[in-house]
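Just so it is clear, none of the values below were taken in a lab; they were calculated from the coordinates. What you see is a predicted model; the values in this text were computed from it and never measured. In this analysis, Cβ positions are derived from the backbone assuming ideal geometry, glycine residues included, and neighbour counts consider all displayed protein chains.
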Amino acid sequence: MRLPGTELYWDDSLTKPERLYCRIFGAPIIGLRIRIRTLNRHLPPVATCILDAGCGRGVISRVLAKRYPHAKVDAIDQDADQQAQNIKITESMGIQNCRFLVKDLAALDSQNAYDLIVSIDNLEHIENDRSVLRRYWSALRANGLLYVHVPHYYRRWPILKWTTNFDVPGHVRPGYHLPELVERLRSSGFNVVHVGFSYGFLENLANNISYCISSAQQESKLVYAAAFPFLNCLAWFGRWTSPKMGAGVWALATKEKLDSRKSMQSFQDELV
């Protein structure tokens with residue numbers, strides 16, 4: 001099985017050494033690899049029409065397209081240049097069930113179109129996140145599933161102390177408290193059925209070191225390239241943990257109207 005992001009070898013916006021590096025190690029982004037592993041644990045066995053909301057470089061879109069080869073995957077992002085690259089990469093891979101569309105999530109107007117929506121680390125970039133969540137609700141089919149992942153408001157830094165999460169360029173808020181995310185989903189009409197944290201101790205430690213090197217802005221590329229295989233290995237060994245507190249927050253929600261007491265009990269159980 002290929003590592004996530006090895007297909008970035010076909011991204012001609014990268015230098016040839018960067019493309020070769022991706023070919024060997026996959027996408028060299030610690031946080032992305034952690035988020036993909038977390039997502040894979042919570043995907044449903046079957047999906048027919050999928051939305052990757054805010055797809056960026058399209059790595060997750062292509063993971064979804066390969067996992068569900070008979071499904072249609074719509075991957076939307078407002079960066080037209082990046083979407084053009086995503087189309088070239090996907091064509092080079094021979095993937096035919098994934099299309100990349102240029103659209104702002106704030107203008108998403110689909111109605112009852114998807115049975116799975118994946119929204120990973122994009123709500124923190126959006127000022128009116130409640131409006132986008134309501135658009136997700138409208139775009140989801142009855143009994144469809146929404147998977148949301150966002151940064152937690154807190155991060156363990158440097159080792160044991162919890163502080164406000166990183167100040168990342170483009171974020172309009174540091175992250176979300178778990179009850180805050182749940183409230184936003186419920187007020188948008190969703191039934192929240194499962195919640196949790198991502199980035200356990202080893203994953204968080206690896207990502208913190210990564211941030212110290214690159215500052216989330218691709219700084220010190222040579223140092224980061226040398227460190228990435230070791231940091232990714234460190235994070236990989238932390239993949240089995242189910243942290244009670246972590247630097248990421250995720251939620252599974254449906255459009256199905258379930259018993260609100262059952263939903264609340266599920267949420268409270270996750271917080272124990």
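Quick notes
- Each residue in the range 128-164 was checked for being in contact with a helix residue (DSSP H, G or I) (Cβ under 9 Å, 6 or more places away or on another chain) and not in a helix (DSSP H, G or I), and 14 pass.
- Selection count, the range 36-77, where residues are polar (S, T, N, Q) and in contact with a His (Cβ under 9 Å, 6 or more places away or on another chain): 2
- The range 60-84 residues that are under 20 Å from Ile29 (Cα atoms), paired with ones that are crowded, with 21+ Cβ neighbours inside 10 Å and of a type in the set (D, E, K, R) (beta carbon under 7 Å, 6 or more apart): Ile60/Asp52; Ser61/Asp52; Arg62/Glu7; Leu64/Asp52; Ala75/Asp52; Gln82/Arg57; Gln83/Asp77
- A residue that is in contact (Cβ under 8 Å) with a residue 12 or more places away in the chain, surrounded by 20 or more Cβ atoms within 10 Å (Cβ to Cβ) and farther than 23 Å from Pro243 by Cβ can be found somewhere in the range 168-191.
- Considering residues of the range 102-157 that are in contact (Cβ under 8 Å) with a residue 60 or more places away in the chain and aromatic (Phe, Trp, Tyr) only, the residue surrounded by the most Cβ atoms within 10 Å (Cβ to Cβ): Tyr136
- Residues satisfying the stated conditions in the range 32-56, i.e. buried (at least 24 other Cβ atoms within 10 Å of the Cβ) and closer than 16 Å to Leu8 by Cα: Arg33, Cys55
- Residue match in the range 233-252 (condition: free of Cβ contacts under 8 Å to residues at least 60 places away in the same chain, in contact with a helix residue (DSSP H, G or I) (Cβ under 6 Å, 6 or more places away or on another chain) and either part of a helix (DSSP H, G or I) or not small (Gly, Ala, Ser) (or both)): yes
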